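Everything below concerns the one structure shown next.
The values are calculated or read from the model by the stated rules, or taken from the named source; none is laboratory data. Here the structure is a predicted model, which is why all the values come from computation and not from measurement. Neighbour counts are summed over all protein chains in view; Cβ atoms, including those assigned to glycine, are modelled from backbone coordinates with ideal geometry. In case anyone asks, the SASA skips ligands and DNA or RNA and just uses the protein heavy atoms, side chains included. Shrake-Rupley method; radii C 1.70, N 1.55, O 1.52, S 1.80 Å.
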Amino acid sequence: ARAQAMEVDASPEVTYDDIGGIDEQVREVREAVEDPLERPDMFREVGIDPPSGVLLYGPPGTGKTMLAKAVANHTDATFIKMAGSELVRKFIGEGSRLVRDLFELAKEREPAVIFIDEIDAVASKRTDSKTSGDAEVQRTMMQLLNEMDGFDERGEIRIIAATNRFDMLDEAILRPGRFDRLIEVPKPDAAGRAHILDIHTRDMQLAGDVDTTEVAADLDGYSGADLASLATEAGMFAIRDGRTDVTHEDFLAAKEKLAEDDSVEVPGLD
Ligand code: ATP
């Protein structure tokens, strides 16, 4: 069960250069995760505890997972991912068991970055704690908090969680010593979108008429993931046309297609 529920990557390939439009967030994550891993003595000398856990919150597809992978890559740490939804299990005790396995595995593989995606699945404000399902989820969350309280903050395991539903979170997980470093990862602005588009088109042959700044200008509401799809779709239009270079026209066609597919949620369009 362990292998199925967790994704383990001894050397993730994502680098900071692959991440666009959220420079400030990259800086904050590096400060919260890299420094404690690489210079624990600094914290000892200054006499403070580094942030315990980092919580990334914001809309889907904005680069939260990439950030966690990049920081693991940069610190030569093993990346261990678990989805919060995986921790919600049918049988009593199964969720807690997985949490224990998760931290055990991290100890075996340290230095390690634990990434818990969709943390809201196990850490929502209690809706109706009388139902047994909720009680079980609650126990899983308590186990997670216990593990976090139990490990050495200056040790070689860092924990990052992510959510799209910050408003739903139980405040218990945000207390000092738990997820005490909050970093909002928003959708990119126009300049950020252009940067992300540059990243996702850097291996493509762009025709001379392509201006990524212009393409990105009116894509309000696009996430990084949407921009990655846009680049792929534009490439598909070129291929359909038997070309290897991708033109401005291809990007316009791709934009239209994504809007039709409704795969991009643009505010104010519905
Ligand atoms: P979710 O909340 O849905 O898990 P997420 O915020 O973790 O989403 P990622 O998994 O990091 O999003 O991003 C998905 C894909 O979208 C990435 O693999 C990448 O191709 C692209 N992407 C997202 N954000 C960025 C970004 N800031 N810069 C470059 N590419 C991005």
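What the table shows:
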quantity: Charge sum, other residues only, whose C-beta stays under 10 Å from ASP9's C-beta, Lys/Arg counted +1 and Asp/Glu -1; calculated: 0
quantity: Candidates ARG175, ARG240, ARG27: whichever shows maximal mean-square fluctuation once the chain is modelled as a Gaussian network with Cα springs under 10 Å; calculated: ARG240
quantity: Two-site FRET efficiency, MET142 against ASP189, from Cβ-Cβ distance with R₀ of 41 Å, rounded to 0.05; calculated: 0.55
quantity: Semi-axis lengths (Å, descending) of the ellipsoid that matches the C-alpha gyration tensor of segment 169-270; calculated: 33, 15, 12
quantity: Inter-part distance where segment 191-238 and segment 140-180 are each reduced to a Cα centre, Å; calculated: 36 Å
quantity: Cα lying deepest toward the dipole's positive end in the chain, options GLN25, MET204, ILE160, charges on Cβ; calculated: ILE160
quantity: Total charge dipole magnitude, segment 77-228, about the Cα centre, Cβ charges on Lys, Arg, Asp, Glu only, Debye to nearest 20; calculated: 760 debye
quantity: Residue-normalised accessible area of the chain, given per residue in Å² at a 1.4 Å probe; calculated: 50 Å²
quantity: Computed E for LYS257/ASP220 - FRET, C-beta separation, R0 22 angstrom, nearest 0.05; calculated: 0.80
quantity: Listed residues GLY47, HIS74, GLY84: farthest to the positive end of the dipole of segment 27-104 (Cβ charges); calculated: GLY84
quantity: Expected 222 nm ellipticity per residue - DSSP helices of 4 or more, -39500 (n - 2.57), all of the chain, to 500; calculated: -12500 deg cm²/dmol
quantity: Charge dipole (debye, nearest 20) of the chain; +1 at Cβ of Lys and Arg, -1 at Cβ of Asp and Glu; calculated: 1220 debye
quantity: Förster-model FRET efficiency, 22 Å R0, GLU110 and VAL46, C-beta, rounded to 0.05; calculated: 0.45
quantity: Kirkwood hydrodynamic radius (C-alpha pairs) into Stokes-Einstein, segment 1-134, 37 °C and 0.692 mPa s, D in µm²/s; calculated: 202 µm²/s
quantity: Using θ = phi - 60° and Karplus 6.51 cos²θ - 1.76 cosθ + 1.60, couplings along segment 136-144 (whole Hz; Gly, Pro as x); calculated: 5, 4, 4, 5, 4, 4, 4, 4, 4
quantity: Within the accessible area of the chain (1.4 Å probe), percent carbon and sulfur; calculated: 47 percent
quantity: Inter-site label distance for ASP17 and ILE239 at 7 Å from Cα along Cβ, in nm; calculated: 2.5 nm
quantity: Top of ALA68, ALA191, ALA259 by mean-square fluctuation, Gaussian network on the chain, Cα under 10 Å; calculated: ALA259
quantity: Nonlocal amide H pairs with ALA161, under 5 Å, H built at 1.01 Å; calculated: VAL54, LEU55, LEU56, ILE116
quantity: Exceeding the 26 Å Cα-Cα cut-off - candidates LYS64/LYS255; LYS187/LYS255; LYS90/LYS125; LYS64/LYS90; LYS69/LYS107; calculated: LYS64/LYS90
quantity: Kirkwood-based shape ratio for the chain, expressed as Rg/Rh from alpha carbons; calculated: 1.03
